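See below for the structure under consideration.
The values are calculated or read from the model by the stated rules, or taken from the named source; none is laboratory data. Predicted, not measured: the structure shown is a model, and the values here were computed from it. As a convention, Cβ positions derive from the backbone with ideal geometry for all residues, glycine included, and neighbour counts pool all protein chains shown. Protein only, heavy atoms only, side chains kept; ligands, DNA and RNA dropped before computing areas. Shrake-Rupley method; radii C 1.70, N 1.55, O 1.52, S 1.80 Å.
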Amino acid sequence: MSMNVTQSYSQFYKGSEPLKSYGSSGEGLIPRKDTLVKYEFRTTDEQGNKIMDPMSKEEALRAMKEISSQYGDNVMVEFSGDGLQALAQDLQRQIQEGSWKLNQQQKTDQAKKQELMEQSIVQLENTHRLVIPNIQTNEKLYDSLENAPEEVVKAANGIIKNYLMPHDVSGMTEEQRRDAIAFGLEEARYLAENYLDQQHAGDFLSAMDTIARYGMNGTVSEDGRVTYHIEKGPLVGAPDDYVSESDILKAKAPDLYKELQDLNKSIAKGETGWGKKFIELHQRINQKLNGYSGTTSEGKRLTYYEEAAAEYKSWKKAVDETKLPGTYSGVDYLDMNAFFNSLNSQGSLGESWMAKAQERFAKWLSGE
């Protein structure tokens, strides 16, 4: 490697957060974990400069063992980054070679474990794209575009930025803003019809419909600026009542959040003597978040965890029940000229607006 990683783990430290629940207390197979610590082994920095060579399987296992040994049984350590690719490939090979010995249930369990491993060994991409604040919507959108040409990804981002969730609608009436959202959905359907297979098209349109609902719920100021309230929500595959402890801390206990951020920075700098502080701080965080939030629901006193889960459930229900505009009908998706000709006489946006939109759409799909 181009550097001695085993002596410089601190630069790969990405912070910690409390876990609501993981494992079991008492004599369970998995000891209860209350804290998640993250390390990311990247071969390059954000500017593309080389940090390290990819680690061999042996180097990766040694680094993971040495880092994990610094923490107690209550801490789960998460490792990710393209520097661990050799280890990930070796684990996948072992699973494939051993699969012939397994019965169907064992194969199913093994596949689940492999999926979790692939999710934890993050393959970093150097791409530029919009990020939808809601984790599950963002994941569905970009999973649906995983095999799409770059110009289609560019067009999808353009639709979101210009029509579904623009930040400036000055000069437009509320009717025109809603018609623009409807128009953006029609362009999304054009992409689905002409560039995506059936499975990816369905997921893509589902994600774009959700994003359009975020747009419909945007708040427009007097000067035409639009703000959107979009909850981060649970991780992909997590229970519906999953909440981000860091987000709760930031909103409900800013002093504790600042302490956690300061501690994370100290660890990242390679400072020593933080072990006792680490344990004590996370104990206080768990005590705070499991305490009464001041909110009562149906006679029950809610913890901060429960309050956040209830707020997300209410927000999601409002989004799901948002009605999308049905401005356009009889739209022809055969080709671009037919598509815009079928839209021109409908809605409140006008032919001049449509002409500019067509020029923009054609430019996105040409790869310019």
Kindly evaluate residue 269 against the criterion of being within 30 Å of residue 187 (Cβ to Cβ), of a type in the set (D, E, K, R) and out of contact with any strand residue (DSSP E or B) (no Cβ under 6 Å at 6 or more places or on another chain). no
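Tally up the residues in the range 281-312 that are of a type in the set (Ser, Thr, Tyr) and in contact with a strand residue (DSSP E or B) (Cβ under 7 Å, 6 or more places away or on another chain), please.
The initial filter retains those residues of the range 281-312 that are of a type in the set (Ser, Thr, Tyr), namely 292-293, 295-297, 303-305, 312.
With the extra rule that they be in contact with a strand residue (DSSP E or B) (Cβ under 7 Å, 6 or more places away or on another chain), the set shrinks to 292-293, 295-296, 303-304.
Looking only at that region, the number is 6.
Are there helices (runs of 4 or more DSSP H) fully within the range 254-341 with at least 2 residues that are in contact with a helix residue (DSSP H, G or I) (Cβ under 9 Å, 6 or more places away or on another chain) and within 30 Å of residue 10 (Cβ to Cβ)? List them.
Qualifying helices (runs of 4 or more DSSP H): 254-268, 275-289.
Can you find even one residue in the range 322-339 that is under 26 Å from residue 229 (Cα atoms), out of contact with any Phe, Trp or Tyr (no Cβ under 9 Å at 6 or more places or on another chain), surrounded by fewer than 17 Cβ atoms within 10 Å (Cβ to Cβ) and not charged (D, E, K, R)?
Restricting attention to the range 322-339, the residues satisfying the condition of being under 26 Å from residue 229 (Cα atoms) are 322-327.
When the remaining residues are screened for being out of contact with any Phe, Trp or Tyr (no Cβ under 9 Å at 6 or more places or on another chain), the result is 323-326.
Adding the requirement that they be surrounded by fewer than 17 Cβ atoms within 10 Å (Cβ to Cβ) leaves 323-324, 326.
Now restrict to residues that are not charged (D, E, K, R): 324, 326.
Yes, that holds for at least one residue.
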Test: residue in the range 57-73 that is at pLDDT below 80, under 24 Å from the mean Cα position of the chain (by Cα) and surrounded by fewer than 11 Cβ atoms within 10 Å (Cβ to Cβ) | no
* Asked: Is there a residue in the range 162-177 that is under 22 Å from residue 324 (Cα atoms), of a type in the set (D, E, K, R), at pLDDT 90 or above and touching a Leu at 6+ places or on another chain (Cβ under 9 Å)?
  -> no
Among the residues of the range 187-236, the number that are touching a strand residue (DSSP E or B) at 6+ places or on another chain (Cβ under 9 Å) and on the phi > 0 side of the Ramachandran plot is 1
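For the range 216-239, which positions are of a type in the set (D, E, K, R) and either open to solvent by less than 50 Å² (accessible area, probe 1.4 Å) or over 15 Å from the mean Cα position of the chain (by Cα) (or both)?
Taking the range 216-239 first, the residues of a type in the set (D, E, K, R) are 222-223, 225, 231-232.
Hits for the range 216-239 are 222, 223, 225.
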Is there a residue being under 22 Å from the mean Cα position of the chain (by Cα) and surrounded by fewer than 14 Cβ atoms within 10 Å (Cβ to Cβ) anywhere in the range 189-202? yes
